[in-house]
Structures are given as structure tokens and as C-alpha cells.
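J.: Structure below; questions to follow.
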Amino acid sequence: MAIDEDALLAEQVAYYRARAPEYDRVYAEREDLRELLAVADELPITGDVLELACGTGQWTGALAARARSVTAVDASPEVLGIARARTASVNVRFDRADVFKWRPPRRFDTVFFAFWLSHVPPSRLGDFWDTVAAALTPNGKAVFVDEGPAAASREEVAAEVRRLDDGSQYRIVKVLHDPAALTGELAAFGWSADIRLREEFIVGIAEPRPVAVN
């Protein structure tokens, strides 16, 4: 039975809205996630930064410390409220928008997203990377972090069921990527990428390939 992607993505947004008060617990419970936050200091995060799917702002402060400005986008007003309270930097702006429908109003030196790529359905992966390309300045870079490829699923759409403290259940998109396979997919979309495993996570840096002029 085919999955209704629009309904699944709407349910995914509903899940993260409902999960907002619980979201930060995973960072409190997992030392590997807290340690991963330090990777921002090793990555080419510079200039004006666009953060997609910023969530509760776990990464936003680290980006702000390295950037001239940060524009952080998320579809959930609940997580944005937490992110605003967490982030005291004056160079950060928060915008509510659905990443799948949103179009960048300007260009940025860096586009960053953490634990978001695995929530993009395979059928929309090309369009998503087109949006990222449209948001980048010439020579700009996309930088991303996500879960590693263990038990990776390459179904047309991978729906995973998540349960909240109140017992409510939601479906979300969950597609885990192998670094080599993702590098190949990005090459087909017109990107060059360096994607590496770091413990249980993938860390990637990608640039649109220059368009050849005859």
C-alpha cells in the first residue's frame, strides 16, 4: 500500500511540535550527542549561516559563535520558542517555515542542518538539494550531521513510528544514509561531497559543482 507522503510529512511536523518539551532529553541522556556538538568547531561554518530544521536550538549557539549571522528555520513554533529562549546571540534570527515549501529569500555562505537529512523522503531529496543550492553564495558550502548508516533503509519512503510520553504515536520519515551511496546521489544532483563516519554519525561537507560554460 502506497504511503501518502504529504500526510506523512504533516504527521512528522505534528510529532515534532508535540515532542518539543521532550526533545532535549535525548541530549541530556546521550553523551555521544553532547560530544558531537563540538564538531561545529571543526567544520567550515563561516559568514552568514542558514540553519534548516533548527529544532530547539541545540546547534544554533555553536553556529552563532562562528558566524556573522544565523537565520534558523523550523516548521514548529514550539521548538522555535525553546530555541529563542536558549540562544542569547544578537546575530540570530528565527523564522517559522516548512522546509519542503520554503524558498530562500537571500543567499548564505553556509547552509547547515543537523539530523534533518534522514527526515527527507528519497523522492524529495533532489528538490531539497536544489533548495540548498539556491540558498548558497558562490563558493558556499552545505554542512550537515546525521545518524550513521546502521540498519539503513532505502525504501521509497521509510516510515518509522515514534511514541511520546503521553502514549500518543506518530509516523515520521526515517531514511539513514551510507556515506558512499549518499556521495553518489549528490554527485548525480550536481554536488561534490566529502561525507565521513564519525562514531555512529555521518558528517558531510558539500558544494555545488560549477556549471560548465561552452
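Every read-out reported here was derived from the displayed coordinates using simple, explicitly stated rules and does not represent laboratory data. Just so we're clear, the structure is a prediction, and the values are computed from it rather than from any experiment. All Cβ positions, even for glycine, are placed from backbone atoms using ideal geometry, and neighbour counts span all protein chains on display.
J.: From the backbone phi of region 48-54, what are the Karplus-calculated ³J(HN,Hα) couplings (6.51 cos²θ - 1.76 cosθ + 1.60, θ = phi - 60°) in whole Hz, Gly and Pro given as x?
T.: Once θ is set to phi - 60°, the couplings for region 48-54 become 8, 10, 9, 9, 8, 6, 6 Hz.
J.: What value, in deg cm²/dmol to 500, does the helix sum -39500 (n - 2.57) over DSSP H runs of n ≥ 4 give at 222 nm once divided by the residues of the chain?
T.: On the way: 7 runs with 68 residues, N = 214.
Mean residue ellipticity, 222 nm, calculated: -9000 deg cm²/dmol.
J.: I need to check one value: relative contact order of region 5-208, counting alpha carbon pairs closer than 8 Å and at least 6 residues apart, in percent.
T.: Details: 380 pairs, mean separation 38.9, N = 204.
Relative contact order, region 5-208: 19 percent.
J.: Where nothing but the Cβ of Lys and Arg (+1) and of Asp and Glu (-1) is charged, how large is the charge dipole of the chain around its Cα centre, in debye to the nearest 20?
T.: My answer is approximately 700 debye.
J.: Please list, in chain and number order, the residues 5+ apart from R198 or on another chain whose amide H is under 5 Å from its amide H, with Hs placed from the backbone.
T.: V203
J.: Could you check the simple spin-label distance between A65 and D98, using points 7 Å along Cα→Cβ, in nm with one decimal?
T.: If labels sit at A65 and D98, their model points lie 3.6 nm apart.
J.: Right, next: Return, ordered by residue number, the residues of region 176-195 whose backbone nitrogen is under 19 Å from a label point located 7 Å along Cα→Cβ of S123.
T.: 176
J.: Would you tally the net charge around V13, using a Cβ to Cβ cut-off of less than 12 Å, leaving V13 out, and scoring K and R as +1, D and E as -1?
T.: 0
J.: In the Gaussian network model of the chain, springs joining C-alpha atoms below 10 Å, which of V161, V79, V13 carries the largest mean-square fluctuation?
T.: Maximum among the listed residues: V161.
J.: Let me ask something else about it. Just how many % of Cα pairs in the chain lie over 22 Å apart, if you round to the nearest whole percent?
T.: Values: 11179 of 22791 pairs.
So the portion of pairs separated by more than 22 Å is 49 percent.
J.: So who's got an amide H within less than 5 Å of the one on F94, skipping anything under 5 residues away but keeping other chains? H placed 1.01 Å off N, in plane.
T.: A72
J.: Sticking with this structure for a sec: Expressed in nm to one decimal, what extension gain is obtained for the pair S192 and R84 from 0.36 nm per residue of sequence separation less their Cα-Cα distance?
T.: 35.5 nm
J.: Would you please give the residues with an amide H less than 5 Å from that of D48, counting only those at least 5 places away or on a separate chain, with H modeled from the backbone geometry?
T.: R68, S69, D109, T110
J.: Name the residue, out of E199, E147, E51, whose mean-square fluctuation peaks in a Gaussian network model built on the chain with Cα pairs under 10 Å.
T.: For the chain, modelled as a Gaussian network with Cα springs under 10 Å, the answer is E199.
J.: Placing +1 on the Cβ of each Lys and Arg and -1 on the Cβ of each Asp and Glu in region 85-178, which of N91, P138, G126 has its Cα farthest towards the positive end of the resulting dipole?
T.: N91
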